[in-house]
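Single-structure report; data block below.
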Amino acid sequence: MASVSYCLNPKCPNPSDPANSGKSACIHCGSELLLQGRYRLVAPLGGGGFGRTFEVDDNGARRVLKVLLKEHPKAVELFKQEADVLVRLRHPGIPKVDRDGYFTFTPAHSTESFHCLVMEKIAGANLQDWLKHRGRPISQEQAVNWLKQLSEILDQVHRLNYFHRDIKPHNIMCKPNGQLVLIDFGTAREVSATYFAKVGQGQNVTGIVSPGYTPPEQTNGKAVPQSDFFALGRTFVYLLTGKPPTAFPENPRTGRLMWRKGAPQVSDAVANVIDYLMAPFPGNRPQSPQMVLQCLEEINLDDAESQLPTQLPAAGQTKIRATAGGSGATKQTSSVNRLRPLNSGLKKPVPKVFDWKKKLLAGTAVLMVSIGASQIYGSLRYGVFPANPVWLLSTLPSTHFLQRSLDNVGSVNAIALSPDGQTLVSASSGTIRIWKVKTGGLVRTLKSVHSQKSVKTLAVSPDGSILASGGDDKNVILWDLKTGRRRLTIPAHTAAVNAIAFSRDGKTLASGSDDKTVRLWNVRTGSRLRTLSGHAGGVNAIALSRDGKTLASGSQDKTVRLWNLGTGEVRRIITGHGGAVNAVAFSPNGKSVASASTDNTIRLSNVQDGKRTRTLKGHSSSVRTIAFSPDSRTLISGGGDIKVWDLKTGKERSTLSGHSQFVTSVAISRDSKTFMSGSPDRTIKIWRMP
């Protein structure tokens, strides 16, 4: 079985031919069988619609390969998002994905590329199949154990500002050792300022619905992080009753699910927690996984039912009311942390130490004024409303350097600055916008570009007359920057174009692609001058030296290649990164090349011998973009935040926060006094150099 080599090419006439065993290329279609030099497909596992899954052999270890078979923009966005989320999460209850687990595959003799994601193979069954095989509901002891596991998993997810949006028994696996694993993060949503703005403006942020498990607000297109808790509660209704939630009626007055009679083995203490999770209104549910864990920790399953509360508190309350007996029984005050009535046998009333109602009213007023002030500040300074107050506090040190924020610019994939520093260009999905830097005014919008697919890269010619763009449609387009008219469309590659760069004389344009090649083009005619091949993965970034003799390319294969542009030969291959190379840049004097990677580092290497001269560490997530200042004093890097590095000492000079999502691109003015940054948070920031 281990030697089987299944062909990934969907058009292969015989993908499962045993004759392919041990071969590097398919004998029928010529496509690669050893993907990324390590993954060999063993057998298909299933699929349909937009993708398929396969079992793969990774040097003796079995993993799962997910393949996206259709180049649909939204599907690609969700697929890449799943990869990004899983790379960042590290927990036994979440499928592990290596930093190089995401890549693209192009079959032989094909122009199509398929997005691939390799992840840990989870041994076991999903809870839907597991319970059917078991044939009876779980006990409340097991429910408490599993609910703790899943709350700890969600704690990891929510701490990264994501929520899952599709929790249900089918998306939870049970390993043989009893460890639960939450799967299918393709629907995960980032909790960002953009997200809050959409909700605040009444925009839909999700269309994901799983009948019986999806909460009301998500069905109406207003999913929030607390939506995960509702789906979690409904999942345990299924596990504790053996019936789907749709089998039980809802109280027409309160909207609560009437399920308890279907689970006679469940005490009120556990049932109260399940109902707390499933509160119809999100504000009445736990506001964080830690709140769920706290409730579970205080449950004593040996307590008599007469000592248990009948309801849990709405979010933010510290006390709940519980009935100790039947009709007419005396009401007692019970702490959430104890979930049992206090001793009611006191002979004397407890004296009041202070008027808690007035204190609560005053505290609420102060809190509301503080929140209101923070939102006004966030709106004026960052163009974000509503904004997370914690995030606003963290950005305060950066406000001294922030000069202007350009808002509502679309999810920014790339930016480029004209040589005179007067014009800024931004790229998003199917749209290019041209701005005046001095005023922040929008000069022109180019719509429906690159077949309305994502525009991934931009470059402005040295004389400032031509704008070049590349994107998911595999083309390079040349524009007249002054008029916005299209000058030339070049069918450049067989896969998405990730990077472009002009030569210093403006006569040559270079492009890098997911098809693993770099190509050089005549700017005037659009004719191809040369193809540089050799990378084992897609080319993510390119840069040209000032003397026009050397080209640097960074790739998914974790390497930087230095090419002799005169001969097209590789001068040097620089290795050392632990993840894909996202960005490359030459120093102004051409002696050093910088590379940024998903391994969270930036490496400076000597161009002549390829030896590493310095490693810059400090980013907590992937470094996506870098730029040298023209005065050679500074390097700017962007990832989860922006870092300013002193090139003389190699030390971090400043960390700037202001974007509510990661930074995709930076550009520095010629005088090295200002720089710009773009982000998927729909803003471009203009900063004074620290």
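No value in this document is a laboratory result; all are computed from the given coordinates. As the structure is a prediction and not an experimental result, all values here were calculated from the model. All Cβ positions, glycine included, derive from the backbone under ideal geometry; neighbour counts span all protein chains shown.
For region 556-620, what ratio Rg/Rh do Cα atoms give with a Kirkwood hydrodynamic radius?
Values: Rg = 11.6 Å, Rh = 12.0 Å.
Radius of gyration over Kirkwood radius for region 556-620 works out to 0.97.
Rounded to two decimals, what is the ratio between the C-alpha radius of gyration of region 71-189 and 2.2 N^0.38 Å?
On the way: Rg = 16.3 Å, N = 119, 2.2 N^0.38 = 13.5 Å.
So region 71-189 has a normalised radius of gyration of 1.21.
Taking H placed 1.01 Å from N in the peptide plane, check which residues at least 5 places from Asp681 or on another chain put their amide H under 5 Å from its amide H.
Long-range HN contacts for Asp681: Val412, Gln661.
At a Förster distance of 22 Å, what's the computed FRET efficiency of Arg546 paired with Thr649, Cβ-Cβ distance as r, to 0.05? Don't skip to the answer; put the middle values down first.
Working: r = 24 Å, r/R0 = 1.09.
Result of the calculation: an efficiency of 0.35.
Restrict the search to region 551-650; then list the trypsin sites (Lys or Arg not before Pro) that DSSP places in a loop and that have at most 16 other Cβ atoms within 10 Å of their Cβ. If you can, show how the numbers build up before the last one.
Details: sites: Lys558, Arg561, Arg571, Arg572, Lys591, Arg603, Lys611, Arg612, Arg614, Lys617, Arg624, Arg633, Lys643, Lys648; in loops: Lys558, Lys591, Lys611, Arg624, Arg633, Lys648.
Loop-located and lightly packed - Lys591, Lys611, Arg633, Lys648.
Output ³J(HN,Hα) for region 624-629: one whole-Hz value per residue in order, computed from phi by the Karplus curve 6.51 cos²θ - 1.76 cosθ + 1.60 with θ = phi - 60°, and x for Gly and Pro.
9, 7, 9, 7, 7, 6
Taking amide H positions as placed 1.01 Å from N in the peptide plane, with prolines and chain starts having none, which residues 5 or more places from Leu402, or on another chain, fall under 5 Å of its amide H?
Arg688
From the backbone phi of region 477-494, what are the Karplus-calculated ³J(HN,Hα) couplings (6.51 cos²θ - 1.76 cosθ + 1.60, θ = phi - 60°) in whole Hz, Gly and Pro given as x?
10, 9, 10, 7, 5, 6, 9, x, 7, 6, 9, 7, 10, 10, x, 7, 9, 9
At a 10 angstrom cut-off on C-beta neighbours, averaged per residue, how do the peptides 249-259, 484-494 rank from highest to lowest? The partial results should precede the final answer.
Details: 249-259: 12.3, 484-494: 16.7.
Averaged packing, sorted descending, gives the order 484-494, 249-259.
Check cross-link reach from Lys447 to the aspartates and glutamates: straight Cα distance under 19 Å, and skip same-chain residues fewer than eight apart.
Within the straight-line cut-off, Lys447 pairs with Asp407, Asp472, Asp473, Asp480.
Gain in length, Glu297 to Arg134, computed as 0.36 nm per residue apart minus the alpha-carbon separation, to one decimal in nm? Present the calculation step by step, with values, prior to reporting the outcome.
Values: separation 163, 0.36 × 163 = 58.68 nm, distance 2.74 nm.
Going from the current span to full extension adds 55.9 nm.
Using unit Cβ charges (K, R positive; D, E negative) and no other charged atoms, how large, in debye to the nearest 20, is the dipole of region 1-156 about its Cα centre? Please report the intermediate quantities before stating the final value.
Numbers: 20 positive and 17 negative charges, 49 e Å.
In debye, rounded to 20, region 1-156 gives about 240.
Given q = 0.20, 0.27 Å⁻¹, what are the Debye log10 I(q)/I(0) values for region 405-451, with equal point scatterers placed on the Cα positions and solvent ignored?
Those come out to -0.61, -1.04, one per q.
Which stretch or stretches of region 636-654 have amide N atoms under 20 Å from the point lying 7 Å from Ser620's Cα along the Cα→Cβ direction?
Within reach of a label on Ser620, which here means backbone N under 20 Å from a point 7 Å along Cα→Cβ, region 636-654 contributes 637-645, 652-654.
Expressed in nm to one decimal, what extension gain is obtained for the pair Thr489 and His109 from 0.36 nm per residue of sequence separation less their Cα-Cα distance? All intermediate terms of the calculation are to be shown ahead of the outcome.
Working: separation 380, 0.36 × 380 = 136.80 nm, distance 2.29 nm.
Using 0.36 nm per residue and subtracting the Cα-Cα distance, I get 134.5 nm.
Give me the number: length gained by fully extending Asp98 to Ser16, i.e. 0.36 nm times residue separation minus the C-alpha to C-alpha distance, one decimal in nm.
Working: separation 82, 0.36 × 82 = 29.52 nm, distance 2.71 nm.
Residue separation times 0.36 nm, minus the Cα-Cα distance, leaves 26.8 nm.
Work the Kirkwood hydrodynamic radius out for region 407-519: mean of 1/r over every pair of different alpha-carbon atoms, inverted, in Å. Can you show the working numbers first?
Details: mean 1/r = 0.0725 Å⁻¹.
Computed over region 407-519, the radius equals 13.8 Å.
Using r as the Cβ-Cβ distance of Asp58 and Arg612, and R0 as 22 Å, what FRET efficiency do you calculate, to the nearest 0.05?
Values: r = 28 Å, r/R0 = 1.28.
Efficiency for this residue pair is about 0.20.
Can you pull the three principal axis extents for the Cα set of region 455-505, in Å, largest first?
29, 23, 15
Kindly flag which residue pairs out of Lys11/Lys516; Lys80/Lys168; Lys96/Lys148; Lys436/Lys507; Lys11/Lys70; Lys74/Lys132 have an alpha-carbon separation exceeding 24 Å in this structure. Please list the in-between numbers first.
Numbers: Lys11/Lys516 21 Å; Lys80/Lys168 22 Å; Lys96/Lys148 20 Å; Lys436/Lys507 26 Å; Lys11/Lys70 13 Å; Lys74/Lys132 34 Å.
Beyond 24 Å between Cα atoms: Lys436/Lys507; Lys74/Lys132.
Could you give me the ³J(HN,Hα) list for region 680-686, computed from phi with Karplus coefficients 6.51, -1.76, 1.60 and θ = phi - 60°, whole Hz, x at Gly and Pro?
Rounded to whole hertz, the list is x, 6, 6, 9, 10, 10, 10.
Can you give me the long-range amide H partners of Val42? Hydrogens built in the peptide plane at 1.01 Å from N, cutoff under 5 Å, separation of 5 or more residues or another chain.
Tyr6, Glu55, Val56, Asp57
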